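Structure first, commentary second.
Laboratory data are not the source of any read-out in this text; all were calculated from the coordinates shown. Note that this is a predicted model, so its numbers are computed, not measured. Virtual Cβ from ideal backbone geometry, glycine too; neighbours counted across all protein chains shown.
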């Protein structure tokens, strides 16, 4: 029987997480060998107790990871992937807007040989603000990451075991899951699914968090902003050259009014400012590439792990270092603390 891991980042979802997991087990428990990986991302409500109840209810299915604080959705997902053991791994939100019955569609699409299958919603049930943010996010991802324009970067997706192994090799402190996926593969499928209304709570993505996510996408996974600066520098330098050429021609041809001293100085200023921006862009390109390799802040810190497998059993995350290239300098991608 196929083993299916389902990673669910949990944040202030006391009202939905138990119903969601019950529905997942009821819908897919007879079709797959299930592993539910619940990652508590520093929830401030009763989510921890709810996850503990699920752990007691389904001791052979539910694995519970508790982080020391709120690291963010992508970091929580990365933590869960380190403990995912299935042949395929589904990532879904904790708000019950993704019906568990739709997972069958993702699995069926994966059987066609894709590395990743994203979902596209027939009709999104988000707020107008969230829908606007999603459209802007996808437009920016197309520019910054080279994403195919027709691919919607949904948080509801399924990964092959190979993709999970590749994703957890990433050790930067601010993982952006979709950027890592698009770095690894373009063998991506899409399937249309239903999207339900939110029944409890509200979206955890405020304007500030969306801006932070976009900034992370551009700074940590793309050199696009630096190249824009370099392009702006080239344009300014060309404008200075054009202005300077006009000044020189006006000096040669007496019937053309010659620009004054201020205009001549302005032309040289445009040219040299453009060269400076171009130089900053080139230097920034090197600095940016080095930054992507050397930053070693932890992605997440695990407070507690409760798994159904024996604690002394081998696990893929225990051998994470063996997945790195021999030439890479090893450093810690996450930390685990012992709590008495």
Sorted by packing (mean other beta-carbon atoms within 10 Å per residue), highest first, where do 36-42, 274-280, 108-114, 1-7 land? 36-42, 1-7, 274-280, 108-114
With the crude spin-label approximation of a point 7 Å out along Cα→Cβ, what separation in nm comes out for residue 120 versus residue 162? 2.4 nm
